[in-house]
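Asker: The structure's right below; bear with me while I get my questions together.
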């Protein structure tokens with residue numbers, strides 16, 4: 001280290017030291033009930049009915065998905081609603097073998113960005129792929145939404161169980 | 001526009017788990033930076049602070065909690081926040097504090113203590129996703145970067161071995177950094193054989209969870225010239241935040257990085273960045289990100305940075321040394337602190353004080369860049385001697 | 001000499017205890033739409049940079065800045081957040097323009113407090129994790145301790161603070177944005193349910209939802225716009241020690257230090273005579289009195305007496321919180337300071353409506369970051 005650089009030591013703790021040094025523990029109760037609002041509320045209600053809804057902007061002509069109450073490019077309220085999907089294609093995907101806390105998963109998860117037919121080019125949504133062998137997933141693959149049975153839908157993104165390849 | 005200089009820098013060692021509290025880490029870095037330019041806290045007019053999610057340290061309003069450790073007791077303090085982009089943004093914030101004419105001398109502090117979050121710091125990232133349509137799917141932070149990496153590889157027909165070279169280079173560079181957590185000699189095969197976390201991301205593609213803090217001192221021209229005979233001037237700053245609807249973006253190219261770079265280049269009067277920038281510290285939390293960012297910074301055409309890595313252009317003795325510090329992959333990734341570490345590295349490189357890491361050729365212009373949020377924000381600073 | 005920078009547009013939405021039909025994004029969109037219309041500017045063309053104030057745990061989202069750009073017209077533009085109060089965001093916007101990197105900046109802050117189900121627990125999570133948090137005290141007790149100390153050292157009386165509540169909720173009757181307006185007596189306040197003794201539930205501002213956007217512009221831009229500019233003449237921000245153990249409890253040092261800087265910048269030597277109105281933090285009734293003294297609006301030990309004799313009334317010599325303050329329109333979390341700034345701007349434009357202060361030319365907005373902090377900011381506006 002050159003004398004001009006200033007790097008000061010800190011004490012790095014080993015696993016066992018980390019568990020034994022004095023400290024406090026806390027679990028925060030941080031609970032929220034977010035208002036879905038007009039755009040997301042309408043979208044979630046649509047899912048309950050088995051529909052995937054997008055908003056439209058008359059100024060730029062785009063079909064915006066996920067739907068929002070405003071067009072971020074034109075900065076104006078969106079004008080209407082349009083049903084999109086349930087088919088589309090995989091824009092990109094991953095095959096994830098670990099949980100968020102780095103435990104190995106018994107069955108890998110396959111998150112993907114799905115671009116739905118009927119939305120403007122480039123408009124997509126995050127969801128999971130299912131009913132597919134991970135080794136057969138590829139970019140551009142045609143997929144479609146698999147809805148839960150109507151009685152199991154709650155007006156949530158999970159009303160779509162996953163997307164599966166179009167046979 | 002008034003001239004603003006970086007006049008001092010200091011940092012803590014980066015470690016996996018620090019015994020020190022977040023406040024103590026901030027204090028150690030702040031003290032080291034002040035000592036480096038023989039300045040006392042009384043001469044500091046204002047403090048700016050960067051630290052990523054409160055959920056790491058486990059303290060709400062973390063900026064308030066850290067304030068006295070960062071030297072801001074009874075001084076003006078604002079904590080800016082752009083996720084992973086915060087470290088370089090803090091230096092931008094220091095710049096506009098001084099350039100506005102409101103303050104002459106500003107202490108810039110970036111702190112991160114990720115190890116406080118249990119059972120795993122990744123838990124802090126579970127709540128970065130959209131509360132209505134993403135969180136219910138149980139997303140894991142690795143997902144989105146793996147998908148971005150996949151989009152990048154697919155678009156340009158890149159292979160993992162093209163990208164793994166970055167991890168090899170940075171861990172090697174970090175061997176010469178006295179603060180480094182993960183310096184070492186690894187091979188491309190080591191990266192390719194490491195545990196697959198979220199394909200295409202493998203264990204050695206990723207930077208480690210780290211605790212640490214970095215600080216720099218910034219000053220107006222008349223003060224800077226009194227403090228040092230080697231001021232490093234802020235030549236350009238830029239930042240851009242793209243839409244939150246990340247699934248609507250083309251992930252293979254970071255357009256927001258290009259826009260941030262163009263903003264900084266315009267201010268710095270840079271027309272040909274590849275020729276005019278001599279050393280670069282792009283943000284490298286993942287190996288592919290360094291390449292992605294070098295392209296967004298207009299230093300290489302889209303999809304061509306991997307060739308530069310292969311040809312040794314990015315090596316410390318290459319034509320455009322990239323991450324000579326060892327970067328996040330080698331030195332460590334205490335989020336906000338890692339970004340400011342890049343500014344400190346350019347400061348040391350331009351002053352010829354980087355020791356064993358010094359790049360050859362007497363560099364006169366360097367660039368530090370950070371990135372964050374939902375693959376969405378870029379922060380850029382161009383520095384000149 | 002500092003550059004001249006003005007507020008050229010204001011917009012707001014909400015100011016309700018709950019806003020169940022609309023999301024935080026839609027709340028922000030409404031406020032932003034109004035502000036840009038007020039300024040006569042198109043955000044996609046005319047605004048150079050954006051600053052938003054937010055805290056992750058108040059949003060329930062880590063790295064909340066991810067979610068600010070679209071509804072503000074800031075997508076793929078230079079935008080950032082500060083984990084601070086709206087007045088810090090205002091100061092940041094001023095610095096961006098003064099530094100020359102921007103000519104027009106939009107500043108935003110919002111509260112969707114009604115989305116938060118566990119606010120006291122979250123507030124307590126801001127305490128020192130090692131020496132304070134394990135005690136498990138309700139953060140409201142900190143306000144009680146501070147008020148108790150003020151009463152016992154004779155700074156002001158319990159009746160004085162009750163009169164602050166009566167004044168502010170009374171002023172709020174004239175402000176259509178104020179959801180908590182009421183005609184109360186001092187006895188009503190004293191007899192209310194205890195919150196943290198000696199304070200009662202009426203001494204605390206109830207939380208509310210709102211979004212506020214202010215558009216700032218440099219002098220050359222102002223000249224080209226058809227607006228009545230309100231100039232930002234002074235800015236200051238500071239904080240005392242974050243730990244409860246080492247901070248000053250008798251005086252609001254953060255307010256004093258912030259004001260000192262703002263007054264110096266605005267060349268104000270005698271704030272009590274040079275200011276025509278003040279919108280200052282009253283999250284707790286006793287805070288208004290402590291802040292009046294720290295800001296130099298009242299001499300030490302005289303704030304209670306001055307409020308009692310009507311000095312700070314809407315038609316008094318120096319109206320304090322003519323809008324009704326937070327006691328009248330609510331605790332808006334990070335948006336509180338920006339709401340106060342907006343009130344001062346509307347007053348100086350002569351657009352405050354029924355709570356207009358006659359003939360005002362210079363006003364002050366001051367924020368406190370709330371429990372458990374000792375942090376605040378001051379802005380001086382003038383026409």
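Asker: Output the residue which, of all residues in segment A:138-162 that are touching a residue at least 60 places away in the same chain (Cβ under 8 Å) and within 7 Å of chain B (Cβ to nearest Cβ), is nearest to residue B:145 (Cα to Cα).
Answerer: Here is the first cut: in segment A:138-162, the residues touching a residue at least 60 places away in the same chain (Cβ under 8 Å) are A:145, A:147, A:150, A:153-157, A:159-160.
Okay, now just the ones that are also within 7 Å of chain B (Cβ to nearest Cβ), so A:156-157.
Numbers: A:156: 25, A:157: 22 Å.
Ranking the qualifying residues of segment A:138-162, first place goes to A:157.
Asker: Turning to a different aspect of this structure: Of the residues in segment B:138-157, how many are surrounded by fewer than 20 Cβ atoms within 10 Å (Cβ to Cβ) and either within 17 Å of residue B:291 (Cα to Cα) or modelled with pLDDT of 95 or more (or both)?
Answerer: 4
Asker: Also, I was wondering about something else. Check residue B:189 against each of (1) within 8 Å of another protein chain (Cβ to nearest Cβ); (2) free of Cβ contacts under 8 Å to residues at least 12 places away in the same chain; (3) out of contact with any strand residue (DSSP E or B) (no Cβ under 9 Å at 6 or more places or on another chain) and name the one condition it does not meet.
Answerer: With (1) within 8 Å of another protein chain (Cβ to nearest Cβ); (2) free of Cβ contacts under 8 Å to residues at least 12 places away in the same chain; (3) out of contact with any strand residue (DSSP E or B) (no Cβ under 9 Å at 6 or more places or on another chain) applied to residue B:189, the lone miss is (1).
Asker: Among the residues that make up segment C:338-350, is at least one of them within 14 Å of chain B (Cβ to nearest Cβ) and surrounded by 24 or more Cβ atoms within 10 Å (Cβ to Cβ)?
Answerer: First pass over segment C:338-350, keeping only residues within 14 Å of chain B (Cβ to nearest Cβ): none.
No, that holds for no residue.
Asker: Within segment B:142-155, which residues are more than 11 Å from residue B:288 (Cβ to Cβ) and more than 7 Å from chain A (Cβ to nearest Cβ)?
Answerer: B:144, B:155
Asker: Continuing with this model, one more query. Only one of these conditions is not met by residue C:56: (1) in contact with a strand residue (DSSP E or B) (Cβ under 7 Å, 6 or more places away or on another chain); (2) farther than 19 Å from residue B:237 by Cα. Which number is it?
Answerer: Failing condition for residue C:56: (1).
Asker: Let me ask something else. So which residues in segment A:120-137 are part of a loop (DSSP other than H, G, I, E, B), facing chain B (nearest Cβ under 9 Å) and either at negative phi or buried (at least 16 other Cβ atoms within 10 Å of the Cβ) (or both)?
Answerer: Filtering segment A:120-137 down to residues part of a loop (DSSP other than H, G, I, E, B) leaves A:120-123, A:130-133, A:137.
From what's left, facing chain B (nearest Cβ under 9 Å): A:120, A:122-123.
Across segment A:120-137, the qualifying residues are A:120, A:123.
Asker: Tell me, which strands (runs of 3 or more DSSP E) wholly within segment B:1-112 include 2 or more residues that are closer than 21 Å to residue B:326 by Cβ?
Answerer: Ranges flagged: B:4-12.
Asker: Please go through segment C:206-218 and pick out each residue that is within 19 Å of the chain's Cα centre (by Cα) and assigned to a strand (DSSP E or B). Steps first, please.
Answerer: First pass over segment C:206-218, keeping only residues within 19 Å of the chain's Cα centre (by Cα): C:206-216.
Answer for segment C:206-218, where residues must be within 19 Å of the chain's Cα centre (by Cα) and assigned to a strand (DSSP E or B): C:207, C:209, C:210, C:211, C:212, C:213, C:214, C:215, C:216.
Asker: I've got another one for you. Taking residue A:62, is it in contact with a strand residue (DSSP E or B) (Cβ under 8 Å, 6 or more places away or on another chain), crowded, with 17+ Cβ neighbours inside 10 Å and over 23 Å from residue B:129 (Cβ atoms)?
Answerer: Yes, satisfied.
Asker: Could I ask something else about it? Within segment C:23-52, how many residues are in a loop (DSSP other than H, G, I, E, B) and crowded, with 24+ Cβ neighbours inside 10 Å?
Answerer: The number of residues fulfilling the criteria is 2.
Asker: All but one of (1) over 28 Å from residue B:7 (Cβ atoms); (2) away from chain A (no Cβ under 13 Å); (3) in contact with a helix residue (DSSP H, G or I) (Cβ under 6 Å, 6 or more places away or on another chain); (4) touching a residue at least 40 places away in the same chain (Cβ under 8 Å) hold for residue B:220; which doesn't?
Answerer: Exception for residue B:220: condition (1).
Asker: Looking at segment B:245-275, which of the residues that are in contact with a helix residue (DSSP H, G or I) (Cβ under 7 Å, 6 or more places away or on another chain) and over 16 Å from residue B:147 (Cβ atoms) is surrounded by the fewest Cβ atoms within 10 Å (Cβ to Cβ)?
Answerer: B:258
Asker: Residue under question is residue C:322, and the condition is that it be buried (at least 24 other Cβ atoms within 10 Å of the Cβ), within 14 Å of chain B (Cβ to nearest Cβ), in contact with a helix residue (DSSP H, G or I) (Cβ under 8 Å, 6 or more places away or on another chain) and not in a helix (DSSP H, G or I); does it hold?
Answerer: no
Asker: If we keep just the residues of segment C:262-289 that are crowded, with 24+ Cβ neighbours inside 10 Å and in a helix (DSSP H, G or I), which is nearest to the other protein chains (Cβ to nearest Cβ)?
Answerer: Per the criteria, the residue is C:262.
Asker: Taking the stated definitions as given, is residue B:57 surrounded by fewer than 23 Cβ atoms within 10 Å (Cβ to Cβ) and either out of contact with any strand residue (DSSP E or B) (no Cβ under 6 Å at 6 or more places or on another chain) or at pLDDT below 95 (or both)?
Answerer: no
Asker: Only residues that are more than 7 Å from chain C (Cβ to nearest Cβ) and either surrounded by fewer than 24 Cβ atoms within 10 Å (Cβ to Cβ) or at positive phi (or both): list them for segment B:64-87, please.
Answerer: B:71
Asker: Let me ask something else about it. Quick check on my filter: what residues within segment B:333-372 are in a loop (DSSP other than H, G, I, E, B), facing another protein chain (nearest Cβ under 10 Å) and crowded, with 24+ Cβ neighbours inside 10 Å?
Answerer: If we filter segment B:333-372 for residues that are in a loop (DSSP other than H, G, I, E, B), which is where we start, we get B:334, B:352-354, B:358-364.
From what is left, the residues that are facing another protein chain (nearest Cβ under 10 Å) are B:352-354, B:358.
The answer is B:354, and nothing else.
Asker: Within segment B:284-302, is there a residue that is in a loop (DSSP other than H, G, I, E, B) and within 14 Å of chain A (Cβ to nearest Cβ)? Walk me through how you get there before you give the answer.
Answerer: Step one: of segment B:284-302, the residues in a loop (DSSP other than H, G, I, E, B) are B:284-285, B:297-302.
Still in the list and also within 14 Å of chain A (Cβ to nearest Cβ): none.
No, because not a single residue in segment B:284-302 is in a loop (DSSP other than H, G, I, E, B) and within 14 Å of chain A (Cβ to nearest Cβ).
Asker: Pick out the one residue from B:117, B:110, B:90 that is more than 9 Å from every other protein chain (Cβ to nearest Cβ), within 30 Å of residue A:28 (Cα to Cα) and surrounded by fewer than 24 Cβ atoms within 10 Å (Cβ to Cβ).
Answerer: B:117
Asker: Residue check: is residue A:75 within 11 Å of chain C (Cβ to nearest Cβ) and either in contact with a helix residue (DSSP H, G or I) (Cβ under 6 Å, 6 or more places away or on another chain) or touching a residue at least 40 places away in the same chain (Cβ under 8 Å) (or both)?
Answerer: yes
Asker: Just to be sure I understand, how many residues within segment C:95-104 are in a helix (DSSP H, G or I), in contact (Cβ under 8 Å) with a residue 12 or more places away in the chain and within 7 Å of chain B (Cβ to nearest Cβ)?
Answerer: Number satisfying all stated conditions: 2.
Asker: Here are B:180, B:124: which of them is part of a loop (DSSP other than H, G, I, E, B) and within 13 Å of chain A (Cβ to nearest Cβ)?
Answerer: Exactly one residue qualifies, and that residue is B:180.
Asker: From the list A:55, A:92, exactly one residue is within 14 Å of chain C (Cβ to nearest Cβ) and not in a loop (DSSP other than H, G, I, E, B). Which is it?
Answerer: When all the criteria are applied, what remains is A:55.
Asker: Hey, residue B:199 hits all of (1) surrounded by fewer than 21 Cβ atoms within 10 Å (Cβ to Cβ); (2) within 23 Å of residue B:348 (Cβ to Cβ); (3) within 14 Å of chain A (Cβ to nearest Cβ) but one; which does it fall short on?
Answerer: So the condition that residue B:199 fails would be (2).
Each row is one residue, and each column tells you yes or no for (1) part of a helix (DSSP H, G or I); (2) within 7 Å of another protein chain (Cβ to nearest Cβ).
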site	(1), (2)
C:58	yes, no
C:80	no, yes
C:90	yes, no
C:106	no, no
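Asker: Could I ask something else about it? Filter segment A:21-38 down to the residues that are more than 7 Å from chain C (Cβ to nearest Cβ) and surrounded by 10 or more Cβ atoms within 10 Å (Cβ to Cβ), then identify the one that is farthest from residue A:70 (Cα to Cα).
Answerer: Looking at residues that are more than 7 Å from chain C (Cβ to nearest Cβ) and surrounded by 10 or more Cβ atoms within 10 Å (Cβ to Cβ), I get A:21.
The values are calculated or read from the model by the stated rules, or taken from the named source; none is laboratory data. These numbers were taken from a predicted model, which means no experiment stands behind them. Quick reminder, even Gly has a Cβ in these numbers, built from the backbone with ideal geometry, and neighbours come from all protein chains shown.
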